[in-house]
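See structure below.
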Amino acid sequence: MGKLHARARVIQGYEIALDNGRPHCSIADQPTETFPGLGPTPLELCVMSHAGCYATIAALTAEKMRLTLKGCDVKVEAVKSPEVGTITEETFDITFKIDAPEDRIQRLHELTLKNCPVGVLFEKAGVKITYNLKIQKE
């Protein structure tokens with residue numbers, strides 16, 4: 001079982017330096033009425049992570065399926081419920097640039113969903129997720 005590491009340090013105000021124990025870091029911030037913030041909020045990072053995870057797993061899965069994926073654009077709109085205080089719904093608009101039969105593209109999508117660890121977390125948390133696929137053949 002692998003371990004992941006994270007560290008968050010308050011720099012000033014709501015500006016938070018994040019790192020993963022390797023040479024990668026990011027800034028999370030909370031906008032105020034007078035300052036837009038220096039980075040995404042932690043909740044926005046979660047949504048960004050889900051989009052990035054889907055794209056990464058799609059690229060890895062396409063390679064394993066011997067499909068030539070020329071592009072994958074993933075846009076996510078998340079709904080934060082005021083009652084719950086967190087994300088309750090997400091809508092994915094996914095555009096694959098690929099020349100492959102429809103059934104193989106659908107299989108690529110299914111395997112991506114099954115193997116996307118961030119997506120699994122969102123599903124287990126009860127987030128309602130809608131996926132809209134668009135195919136651009138070249």
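The values are calculated or read from the model by the stated rules, or taken from the named source; none is laboratory data. On a predicted model such as this, the values are computed, not experimentally measured, just so you know. Don't worry about glycine lacking a Cβ; one is built from the backbone with ideal geometry, like all the others, and counts go over all protein chains shown.
Check segment 12-33 and report whether any residue there is polar (S, T, N, Q) and in a strand (DSSP E or B). Looking for residues that are polar (S, T, N, Q) and in a strand (DSSP E or B), one finds at least one in segment 12-33, hence yes. For segment 1-39, the set of residues classified as among the small types (Gly, Ala, Ser), at pLDDT below 90 and surrounded by 11 or more Cβ atoms within 10 Å (Cβ to Cβ) consists of 13, 37, listed by residue number.
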